[in-house]
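First comes the structure, then the notes that go with it.
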Amino acid sequence: MPDLAFFNKQFVPLSEAKVGIMTHALNYGTACFEGIRGNWNSEQGQMYLFRLRDHYQRIHKSCHILKINLSYSIDKLCELTVELVERNGYREDIYVRPMAYKSSQTVGVRLHNLEDDFFVFVTPFGPYLDPEKGARCCISSWRRIDDNMIPPRAKVTGLYVNSALAKTEAWENGYDEAILLTQDGHVSEGSGENIFIISDGKLVTPSSSDNILKGITRDTIIKMAKSEFGIDTIERPIDRSELYIADECFMTGTAANVTPVTEIDHRNIGHGKVGTITKKIQQLYYDIIRGKNPKYLDWCTPTYRSKLVS
Ligand code: PMP
């Protein structure tokens with residue numbers, strides 16, 4: 001069975017889901033997207049999509065900012081995604097990529113008087129950063145783009161040039177990930193992750209006014225840390241040097257899950273190893289996303305009507 005995508009309002013083989021070279025979104029970065037993880041639970045023979053509705057709520061907000069008319073309701077988007085994942089039948093972790101985009105085949109920079117369309121594809125997807133060893137990070141020489149340039153709270157494809165510049169600079173300099181600062185020099189986020197520090201037993205993370213994408217993983221951690229460990233999260237501006245002296249640090253994201261940060265700018269964070277609170281949060285998070293924690297099953301959408309056994 002070929003891989004399937006949802007494209008042009010129907011399910012088609014992935015190899016046939018193609019856009020023309022004049023597509024507006026390809027020329028000008030005028031598209032909004034999401035990244036959703038499907039987490040394979042081998043004991044249950046089930047694939048769980050994590051916080052599916054929340055991702056589709058966010059894409060609707062992104063589309064509102066970018067004046068993209070996403071004609072499907074959140075319910076419909078969830079429904080067609082579940083069908084797509086079920087029909088693809090993967091038995092491993094996957095990444096689901098929905099995208100709403102300016103589909104007109106026309107030249108001219110603008111948002112108005114253009115057609116919009118939507119697609120979703122699915123691809124196998126393992127760990128993004130090393131969750132065991134943790135990440136070695138640097139402060140990027142690139143600054144995080146400001147809300148008055150391209151709003152980072154909207155997950156816009158064109159915005160990701162900023163992340164790509166930072167990620168490749170970090171990688172070329174021998175680091176795993178970049179941490180970007182805002183225009184006024186406060187910590188914003190990683191190239192594709194939110195960032196948390198732990199200081200004096202409290203979680204601290206930049207607030208949405210520091211030009212972050214308000215991560216769904218970030219929200220999960222804030223809620224879980226409070227309800228499971230009684231740890232409060234403070235959302236406030238963080239100085240660069242606060243990172244260096246934090247007790248622990250980690251990054252969160254759909255791709256990165258919970259990735260410990262062990263080093264920043266050649267300074268160990270804490271003991272330079274995965275922190276103890278980080279480890280506890282990480283373990284709980286991995287159970288939750290795989291549908292192994294009954295308390296959080298509302299966040300997990302099962303996709304296979306009958307269990308898949310290998
Ligand atoms: N910031 C950026 C720039 C991202 O691309 C992502 C990944 N979507 C995140 C933060 C984390 O967001 P989420 O937890 O919703 O995946």
For segment 123-140, in order, what is each residue's ³J(HN,Hα) by Karplus, 6.51 cos²θ - 1.76 cosθ + 1.60 with θ = phi - 60°, in whole Hz (x at glycine and Pro)?
9, x, 7, x, x, 9, 10, 6, x, 8, 6, x, 10, 9, 10, 10, 7, 6
Inter-centroid distance (Cα atoms) of segment 58-116 relative to segment 264-310, Å:
27
Using the Cα gyration tensor of the chain, with a ≥ b ≥ c the square roots of its eigenvalues, what is the shape: rounded (a/c below 1.5), prolate (a/b larger than b/c) or oblate (neither)?
oblate
Given a Förster radius of 41 Å and the C-beta distance between Lys280 and Arg91 as r, what FRET efficiency does 1/(1 + (r/R0)^6) yield to the nearest 0.05?
0.90
Can you list residues whose amide H is under 5 Å from Ile231's amide H, if they're 5+ apart or on another chain and H is modeled 1.01 Å from N?
Lys226
Pseudo-spin-label distance Glu228 to His271, built 7 Å along Cα→Cβ, given in nm, is 2.2
Using the heavy atoms of the protein chains alone and a 1.4 angstrom probe, what is the accessible area of the chain per residue in square angstrom?
46
Between segment 214-260 and segment 161-210, the Cα center-to-center distance that results, in Å
12
Percent of accessible area on segment 73-212 owned by carbon and sulfur, 1.4 Å probe?
50
Quick one: ranking Asp147, Asp247, Asp200 by accessible area, 1.4 Å probe, largest first, what do you get?
Asp200, Asp247, Asp147
Picking from Gly35, Gly45, Gly190, which is most flexible by a Gaussian network model of the chain using Cα springs under 10 Å?
Gly45
Residue span Phe11 to Gln44: 0.36 nm per residue of separation minus Cα-Cα distance leaves a gain in nm of 9.2 nm
How do His271, His112, His24 rank by accessible surface area computed with a 1.4 Å probe, from largest to smallest?
His271, His112, His24
Any chymotrypsin sites (Phe, Trp or Tyr not before Pro) in segment 140-190 that lie in a DSSP loop and have at most 14 other Cβ atoms within 10 Å would be none
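The values are calculated or read from the model by the stated rules, or taken from the named source; none is laboratory data. Being a predicted model, the structure only gives us computed values, none of them experimental. Neighbour counts run over all protein chains shown; Cβ positions are idealised from the backbone, glycine included. In case anyone asks, the SASA skips ligands and DNA or RNA and just uses the protein heavy atoms, side chains included. Shrake-Rupley method; radii C 1.70, N 1.55, O 1.52, S 1.80 Å.
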